[in-house]
1. With a 10 Å cut-off between alpha carbons and a GNM built on the chain, which of 106, 96, 139 moves the most?
2. Given the chain, what percent of its DSSP beta bridges are antiparallel, to the nearest 5?
3. Output the peptides 242-250, 260-268, 146-154 sorted from most to least packed, where packing is the average of other Cβ atoms within 10 Å over each peptide's residues.
4. Order of 280-291, 348-359 by packing, highest average Cβ count within 10 Å first?
5. In whole angstrom, how far apart do the alpha carbon centroids of the range 138-153 and the range 1-64 sit?
6. Taking Rh as the Kirkwood radius computed over C-alpha pairs, what is the Stokes-Einstein D of the range 1-109 at 10 °C in a medium of viscosity 1.306 mPa s, expressed in µm² per second?
7. Given Cα pairs under 8 Å that are at least 6 residues apart, what percent is the relative contact order of the range 228-331?
8. Rounded, prolate or oblate, given the Cα gyration tensor of the range 244-304, with a/c below 1.5 counting as rounded?
Ligand SMILES: NC(=O)c1ccc[n+]([C@@H]2O[C@H](COP(=O)([O-])OP(=O)(O)OC[C@H]3O[C@@H](n4cnc5c(N)ncnc54)[C@H](O)[C@@H]3O)[C@@H](O)[C@H]2O)c1
């Protein structure tokens, strides 16, 4: 019999409940959610009801500090609003009892806070911290990663990622107005992170420079929350240059409800090209030598997925992988570590800064804490 790994969830809104359901589907792997923390009573009640339907009896706390003090869990999932991640992570990392952590993206909302979390976490070899950049687990994306890793495309030269989706939900807008400043990642920046992370994964190099153009053209223009008007970019092109000479481009549109696919990811190397379509789950690949008649198409699936949820099974696979890292007791690094979290935030901040300033922005520039501090004021 495997030992039960006990989980606590901090923040049980939309994503927190999504984690709860995913973890329930991992029950047979020896997983149990034993506690939650959320100051919002309706969120607590909703999560409790859900847990009761799974025959799980949750201990409910109104804050993360009480949850940590209770000593009830071994692993915590942080799924609170972005601007709370830094404080909560620091409290977890500095707590005497070690807790492994899966934190939703973004790691923090600015580079400086990400760095402080990394410095603090270096002192805790007894804890694993993984960042929830889970798109890499989606079956068509995972297949595309395999094709690239196998070398079927040769040396990768270009990565183009198109995300054409529906606008943000009103509850998201309500929680964000006012938090985006020049050096702080706004929600449009958050939306880009999974794809900027993927770009880096396919290219396998370090980002050096970002050129972006974007605007708020259609969404949320006539909305007002507590007297404040949202300033959320709803469409952007973001070009990222890497230190091996490759370039990637993200095409983000948040008024594209009329799309068949939300994501279309294309990777081109010196030998061939491959693309993944989500949610159609189709992957195509072909070579320059064989041309369009040689293009192969397959439907990507992963039989391990027991719950598709909101992200096509990727959250389930993310938890499966994280559980295996937790069980490996330090012998297996988290799949998406703190450095990945930091770099994705740095590219996102650079993209936002590039849009605001109308010029290209280097990663060195945003990694420099002085600039981050001075642009905050
Ligand atoms: N991985 C993804 O694809 C994805 C998708 C959506 C959201 N997210 C991320 O998940 C996180 C949560 O997003 P959401 O959409 O679930 O938000 P949400 O607003 O639905 O839920 C957030 C919950 O956190 C609670 N909360 C607020 N402050 C808290 C605190 N200090 N301690 C404990 N609980 C607190 C709120 O009461 C609420 O119940 C965000 O960081 C977001 O970026 C990730």
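All of the numbers you see were taken from the coordinates with simple rules; none came from a lab. None of the values given here were measured: they were computed from a predicted structure. With ideal geometry, Cβ positions are generated from the backbone for all residues, glycine too; neighbour counts draw on all protein chains shown.
1. Of the options given, 96 has the highest mean-square fluctuation.
2. Details: 41 of 69 bridges.
Once the DSSP bridges in the chain are tallied, antiparallel ones form about 60 percent.
3. Values: 242-250: 17.8, 260-268: 19.4, 146-154: 15.7.
Ranking the peptides 242-250, 260-268, 146-154 by packing returns 260-268, 242-250, 146-154.
4. Details: 280-291: 16.0, 348-359: 21.7.
Result, highest mean Cβ count within 10 Å first: 348-359, 280-291.
5. If you average the Cα positions of each part, the centres end up 33 Å apart.
6. Values: Rh = 13.7 Å.
This corresponds to a translational diffusion coefficient of 116 µm²/s.
7. Working: 114 pairs, mean separation 12.5, N = 104.
Worked out over the range 228-331, it gives 12 percent.
8. Oblate shape, in that a/c is at least 1.5 and b/c is the bigger or equal ratio.
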